[in-house]
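Below: one structure, written as structure tokens.
The values are calculated or read from the model by the stated rules, or taken from the named source; none is laboratory data. Nothing here was measured: the structure is a model prediction, and the numbers come from that model. Here the Cβ positions follow ideal geometry from the backbone for every residue, glycine too, while neighbour counts run over all protein chains shown. Just the protein is used for accessible areas: all its heavy atoms, side chains included, with ligands, DNA and RNA removed. Shrake-Rupley method; radii C 1.70, N 1.55, O 1.52, S 1.80 Å.
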Amino acid sequence: MKLKLKIWRQASKETQGALRTYELDGVEPDDSFLEMLDQLNQQLAATGEEPVAFDHDCREGICGMCSLVINGTPHSRVSGVTTCQTYMRHFRDGDTIVVEPFRAAAFPVIKDLVVDRSALDEIIAAGGYISVKTGHAQDANDLLISKEVVDLSMDAASCIGCGACIAACRNASAMLFIAAKTTHLGVLPQGDIEQPTRVLNMIRKADELGFGSCSNELVCEAVCPKGISVSNIARMNRTYLAAALASRKA
Amino acid sequence: MMKQYGKGALHIHTRKEMVDLVVADGHARGIVARDLISGEITSHEADVVVLATGGYSNVYYLSTNAMTSNCSAIWRAYRKGAWLANPSFAQIHPTCVPRTGRHQSKLTLMSESLRNDGRVWVPDQAGDKRPPEQIPEAERDYYLERIYPSFGNLVPRDVASRNAKAQCDAGKGVGGNGQAVYLDFREALERLGHQVVEEKYGNIFDMYRQITDENPYETPMKIYPAAHYTMGGLWVDYDLMSNIPGLFVLGEANFSDHGANRLGASALMQGLADGYFIAPYTIQNYLVEHHHDQFSSAQTSFRDDTQAAEHRYQSFISNRGENLSEQFHHQLGSVMWNHVGMERSAPGLRQAIADLQQLATDFQGQVRVPGRTNDLNEQLEKAARIEDFIALGELMARDALNREESCGAHFRVEYQTEEHEARRNDEQFACVSVWQNQEATVPLNLQEPLVFRAVTPQTRSYT
């Protein structure tokens, strides 16, 4: 395959970036999107031009590092996959492909396609954990949890924290991310007790870091590579409302 | 961890990597690190250093490990005097998505659990290129079930991997390049139904379909072994402390738990055991007896090591070579896969040592690193890691050559039974093979004997 690539180049956080055009030949349909970029980088490095910086690590859709906007969609238009799981067979010979970094006020560009997503770490640090310390394992039948609840928690736990939901949202809202984390922890008995404060603290932290509010665009669910449902946001909003009222009274 | 971070009890240095261990007065006293964005080299003083830096399967170029997994932290510690134990013990996992294109950068693991219900087979006749649906039952060889009737498809990883290789070497491999075997769910789908199979393996099947564009509900999966886990690592005692006092090593980075053949799920077990139940207590014991102010020469060590690291990165950039690190990594992987992989032999290992020494020399003279040191520069990060990987690869070959027996994942063709199973030599090699770095000469091999008081090791049989 022969491709025309328009790629966002930006030397550092402080400098202005711009799209630059490159041509790449010899791409095979079974190559992954990142392997296509590897080839471009080999070509650039061979001609003395600086390779394109992009984040990646596990290359099997579980680490949450890859973070490209391909032809306007975070990750890609292929549903339910990360950038690294997007294969070139989804493109055609001669295509022009536009590649940009995830965009959000809370995700400053570090270089080229690499953005700083440590704001998500700050949200987790505000409550994305269970405070009780790990002690001895108790008997498996001491805490009965129904399969429905386990599945609910497990599905939410599949969030890899990539930030595509935020990059896709017109408000750069982190609500799907926070809802996934709070559902994962809060529907289980171990995490239930501190769920109200968890929800309040994580949402307040997101506001403070410059993430926007949710206006029910639902695009977050559409681009989520793990298929996290927006129903988690509704669940979190119920907790938030009750917790916010209760905390005002006190 | 994030709770402690939120409280300010710990600092997280994201996008920073350790580039050297600082040893002073015989104790681990801190590390030198490089900021991956600014390129700044900094030193960090500490009462103890804990390495939990994972394994080194990326020495094979293609592996199931994440792209940035590397050996540099443990290799730099080894260079500073920490012992490296059983470096040649590497697990090649049988159920990975086979290699397809020449641009392939990594391999994906398909869960081992698939072998519970999937049946492994190849065509009876070498060179049979018919699609699987057209090969009748009578012309299929379910070789694991045939050779190992009592264990069938559930033989241990090294046995499954070696047999897959043997079938492909005999010309019976399937897929475009003949480097794959079938893992077939037809029987399970008939027995359990689509819904049960989907509940058990749905996410893995989806992943397979995304990668290969083939539907495993309709056509057999293709799998092939890939480098997955390294049992070897830095030597530690029962407190998880290396021979350098104050240097603790946890998880895959150490050698401690898996012997020559890790079993399923036990890497997770080791991570939990090391992190939750051992290190928090043994490190306390060390701290009680070792105070900061006992050391005097630390200042000089930090200064020297920081300067050495700065010099090293600068010299990569100033080198006017022809080839990118990527090409050296490719060559390294090919030597390791062919000679220090699933089957090893004395001539092959000698060849590997010679090839890797040459590769190390070529790398020094010919590597080219574009860009600058004081910038986010993935090529520069890679160059340092590949230099360490080449040196580690040679030590792996040396260790494999030295161990004149087969055991677990270490299979020497010279030492096998008539049924092609591993033949151990417990008289000479019931030991941990420990390597100590020597500047300017070959490393020193020490043996830590393994003493079995309650049970004696037996020869395994899966037939």
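Rounded to the nearest 10 degrees, the inclination of helix A:195-208 to the longest alpha-carbon principal axis of chain A is 40 degrees. Calculated on C-alpha atoms, the gyration radius of segment B:192-232 divided by its Kirkwood radius gives an Rg/Rh of 1.10.
Residues of segment B:7-31 that become at least 50 Å² less accessible with every protein chain present than in their own chain isolated, using 1.4 Å: which are they? Buried by the other chains: B:15.
What's the magnitude of the charge dipole for chain B around its Cα centre, counting Lys and Arg as +1 and Asp and Glu as -1 at the beta-carbon? Answer in Debye, nearest 20. Mind dumping the intermediate values first?
Working: 44 positive and 59 negative charges, 91 e Å.
Magnitude of the dipole: close to 440 debye.
When each of the peptides A:85-91, B:455-461, A:41-47 is scored by the mean number of other C-beta atoms lying within 10 Å of its residues, the order from highest to lowest reads A:85-91, A:41-47, B:455-461. With the helix formula -39500 (n - 2.57) applied to DSSP H stretches of n ≥ 4, chain A reaches a computed 222 nm mean residue ellipticity of -11000 deg cm²/dmol.
3J(HN,Hα) couplings calculated from phi for segment B:70-84 with the Karplus curve 6.51 cos²θ - 1.76 cosθ + 1.60 (θ = phi - 60°) are, in sequence order, 8, 9, 4, 4, 6, 5, 5, 5, 4, 4, 8, x, 6, 7, 10 Hz; Gly and Pro show x.
Just so you know, the averaged projected area of the alpha carbon convex hull for segment B:210-297 sits at 9.4 nm². Computed over segment A:3-111, relative contact order equals 35 percent, with contacts defined as Cα pairs under 8 Å that lie 6+ residues apart.
Placing R0 at 56 angstrom, the Cβ-Cβ distance between residue B:214 and residue B:291 gives a FRET efficiency of 0.35 after rounding to 0.05. Taking only protein heavy atoms and a 1.4 Å probe, the accessible area of the protein assembly as shown is 51% carbon and sulfur.
Taking square-rooted eigenvalues a ≥ b ≥ c of the alpha carbon gyration tensor, is the protein assembly as shown rounded, prolate or oblate, where a/c under 1.5 means rounded and, failing that, a/b exceeding b/c means prolate? Numbers along the way, then the final one.
Values: a/c = 1.28, a/b = 1.12, b/c = 1.15.
Rounded shape, in that the Cα axes give a/c under 1.5.
Straight-line cross-link reach from residue B:172 at under 20 Å between alpha-carbon atoms covers these lysines, not counting any fewer than eight positions away in the same chain: B:129, B:222. In segment B:169-216, the residues whose accessible area drops by at least 30 square angstrom when the other protein chains are added to the isolated chain are B:207, B:210, B:211, B:213; the probe is 1.4 Å and only protein heavy atoms count. Here the label points at residue B:350 and residue B:146, each 7 Å from Cα along the C-beta direction, are separated by 3.6 nm in the simple model.
Working note: Karplus 6.51/-1.76/1.60 with θ = phi - 60° gives segment A:109-118 the couplings 6, 8, 6, 6, 9, 8, 10, 8, 9, 5 Hz, where Gly and Pro are set to x. Between B and A, buried accessible area from a 1.4 angstrom probe totals roughly 3100 Å², ignoring ligands, DNA and RNA. Each label point was placed 7 Å from the Cα along the Cα-to-Cβ direction; for residue B:459 and residue B:413 their separation is 2.1 nm. The value of relative contact order for chain A, using C-alpha pairs under 8 Å at least six residues apart, is 19 percent.
For the pair segment B:123-182 / segment B:216-287, the C-alpha centres are spaced 31 Å from each other. From the Kirkwood radius over Cα pairs of segment A:3-111, Stokes-Einstein at 20 °C and 1.002 mPa s returns a whole-number translational diffusion coefficient of 149 µm²/s. Each of A:87, A:68, A:44 was scored by the projection of its Cα onto the charge dipole of segment A:3-111, and the greatest displacement toward the positive side belongs to A:68; charges sit on the C-beta of Lys, Arg, Asp and Glu. Among residues other than residue B:438 with Cβ under 14 Å from its Cβ, the summed charge is +1 (Lys and Arg +1, Asp and Glu -1).
With θ taken as phi - 60° and the Karplus curve 6.51 cos²θ - 1.76 cosθ + 1.60 applied, the whole-hertz 3J(HN,Hα) list for segment A:69-86 is 9, 9, 6, x, 10, x, 6, 5, 6, 5, 7, x, 9, 7, 4, 5, 9, 8 Hz, x standing for glycine and proline. Here r is the Cβ-Cβ distance between residue A:103 and residue B:177 and R0 is 45 Å; the resulting FRET efficiency, rounded to 0.05, is 0.65. Across segment B:93-228 the C-alpha pair distances fall into 5 Å bins from zero in the proportions 2, 10, 21, 25, 22, 14, 4, 1, 0 percent. Rounded to the nearest 0.05, the FRET efficiency derived from the C-beta distance between residue B:102 and residue B:239 at R0 = 56 Å is 0.75. Database remark: amide H of residue B:446 closer than 5 angstrom to the amide H of B:434, B:435, B:436 (H placed geometrically; neighbours at sequence offset of 5 or more, or on other chains; Pro and chain starts carry no H).
Taken along the Cα-to-beta-carbon direction at a fixed 7 Å, the label points for residue A:116 and residue B:308 span 3.2 nm.
Give, in nm to one decimal, the length gained when the segment between residue B:272 and residue B:203 is fully stretched (0.36 nm per residue of separation minus the Cα-Cα distance). Present the calculation step by step, with values, prior to reporting the outcome.
On the way: separation 69, 0.36 × 69 = 24.84 nm, distance 2.52 nm.
Extending this stretch completely gives an extra 22.3 nm.
Close amide H partners of residue B:232, meaning residues 5 or more places away or on another chain with modelled amide H under 5 Å apart, are B:89. Ignoring solvent entirely, what values of log10 I(q)/I(0) come out of the Debye formula for chain B at 0.11 Å⁻¹ when each Cα is a single scatterer? After summing over all Cα pairs, the log10 values are -0.96. Judged by the gyration tensor of its Cα atoms, with axes a ≥ b ≥ c, chain A is prolate; a/c meets the 1.5 cut and a/b is the larger of a/b and b/c.
For Cα pairs less than 8 Å apart in space and 6+ apart in sequence, what is the mean separation divided by the residue count of chain B, i.e. the relative contact order in percent? Mind dumping the intermediate values first?
Working: 857 pairs, mean separation 98.2, N = 463.
Rounded, it is 21 percent for chain B.
Calculate the length of the line joining the C-alpha centroid of segment A:204-250 to that of segment A:5-29, in whole Å. Between the Cα centre of segment A:204-250 and that of segment A:5-29, the gap is 34 Å.
With Cα atoms defining each centre, segment A:66-123 and segment B:12-47 are spaced 32 Å apart in the structure. Classify segment A:144-250 as rounded, prolate or oblate from the Cα gyration tensor: take a ≥ b ≥ c as the square roots of its eigenvalues, call it rounded if a/c is under 1.5, otherwise prolate when a/b beats b/c and oblate if not. Because a/c hits 1.5 or more and a/b fails to exceed b/c, segment A:144-250 counts as oblate.
Give me the 1.4 Å probe accessible area per residue for chain B, excluding ligands and nucleic acids, in Å². Write out the running numbers ahead of the final one.
Details: 20490 Å² over 463 residues.
That works out to 44 Å² per residue.
Per-residue surface analysis assigns residue B:2 an accessible area of about 40 Å², computed on protein heavy atoms at 1.4 Å probe radius. All Cα-Cα separations within segment B:355-463 were binned at 5 Å from zero, giving a P(r) of 2, 9, 15, 15, 14, 12, 10, 8, 7, 4, 3, 1, each value a whole percent of the pairs. Taking 16 Å as the straight-line reach from the Cα of residue B:16, the lysines in range (excluding those fewer than 8 positions away in the same chain) are A:111, B:382. The amide H of residue B:16, built 1.01 Å from its N in the peptide plane, has B:36 as neighbours under 5 Å, considering only residues 5 or more places off or on other chains.
Students often forget the sequence filter, so: which lysines lie under 23 Å Cα-Cα from residue A:226 once same-chain residues fewer than 8 apart are removed? Once the sequence-local lysines are set aside, what remains near residue A:226 is A:147, A:181, B:106, B:200.
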